[in-house]
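Data block below; observations after.
The values are calculated or read from the model by the stated rules, or taken from the named source; none is laboratory data. Everything quoted here is computed from the prediction, not taken from an experiment. When we count neighbours, we look across all protein chains shown, and the Cβ atoms used for this are built from the backbone with ideal geometry, even at glycine.
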Amino acid sequence: MVAKIVQGRGFRGAVNYVLDKDKAQLLYAEGVRTKGKDSIIHDFVTQRKMNPNIARPVAHISLDFSIQDKAKMTDEFMVGFAQEYMKKMGYDNTQYIIARHYDTDHPHVHLVINRIDNDGRRISDQKEKWRSTKVCMELTKKYGLYIASGKENVKEYRLREPDKTRYEIYETLQTSVPKCKNWNELIAALKKSEITVEFKHNGDTDKIQGVRFNKNDYGFNGSKVDRIYSYSKIDWQLQQNDRQQQTERHQQPQAIRQDHPSGGISSVVESVAYGLDGLFDIQPSSGYNENEIEALREQAKKRKKKKGQGCKI
């Protein structure tokens, strides 16, 4: 489940949007009369006048649930979930309405909340989106709801700019980062999709502290494309890719050449054995004839003698 928060100046636009939507269903109202939209708007505005200096008294929040949880999404559940969410966010002592929409595949409700509470105080929006993300995850786990891994099930054809370009960059990073070992390789891969890269430095130093991706005249910091694409996380992944490739290279078995190089067999001695032990196991069936095998043994014996470790065959 995710929450999208918008601050607004007037209640009329928010209430009309929430209740005029095709098949919109008002599920619950607190502190306002529900005879019609006008009465709801009037009551919101009346309470807002208790603190008229607040420029943005409207909180319009949509709570979007995964399509995988559709069977659980009864009206009663969604109202209870929304009320628990609002309480944890500090919106329990104010006016609000909860309306359900059916215009998308995934279940969702819209909340219109008065930021001027019942006592005339403004409800704080400090670190609101950060707190909302934390509350959403907490409630999602509490009720056993589906936790999506990344931007899956995005309907790209419905995206508008700049979100369309942001998603194109996200998809390109998804396929490119796992294949690259360093930033030069990644920059080259992104360039093929007309994405350019800028690095942010720490003051006048050479230390990189951030990355920005540009396409179609739009630019996004890496963490704004997705949290996993901040500079530090991409850099770590590229280093991991490089280490993994080096490890795989070292683990590859050294193939023993069956066709010895012409012009001598000293290189064969170097690669097959340094002493006598392995040479006794060489048979004609290994690809060498008897003369070559004997020569290998003689070469090995000379090496042993030079080290003062002569032995008898």
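Taking D226 as the residue in question, decide whether it is closer than 13 Å to Y170 by Cα and surrounded by 13 or more Cβ atoms within 10 Å (Cβ to Cβ).
Values: closer than 13 Å to Y170 by Cα: yes; surrounded by 13 or more Cβ atoms within 10 Å (Cβ to Cβ): yes.
Yes; evaluated as a whole, the condition is true for this residue.
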Is at least one residue of region 144-161 over 30 Å from F213 (Cβ atoms) and either assigned to a loop (DSSP other than H, G, I, E, B) or at pLDDT 90 or above (or both)?
-> yes
Can you name every residue in region 82-106 that is of a type outside the set (D, E), over 23 Å from R9 (Cβ atoms), at pLDDT 95 or above and out of contact with any strand residue (DSSP E or B) (no Cβ under 7 Å at 6 or more places or on another chain)?
-> Q83, K87, K88
(1) free of Cβ contacts under 8 Å to residues at least 60 places away in the same chain; (2) over 23 Å from W130 (Cβ atoms): which one isn't true of R56, the others all being true?
-> (2)
Out of K37, K49, K70, K4, report the one residue that is loosely packed, with under 15 Cβ neighbours inside 10 Å and without any contact (Cβ under 8 Å) to a residue 24 or more places away in the chain.
-> K49
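From R122, R166, R115, R160, grab the single residue that is touching a Pro at 6+ places or on another chain (Cβ under 7 Å) and not β-branched (V, I, T). I'd like the intermediate steps shown before the answer.
Details: R122 fails: touching a Pro at 6+ places or on another chain (Cβ under 7 Å); R166 fails: touching a Pro at 6+ places or on another chain (Cβ under 7 Å); R160 fails: touching a Pro at 6+ places or on another chain (Cβ under 7 Å).
Result of the check over R122, R166, R115, R160: R115.
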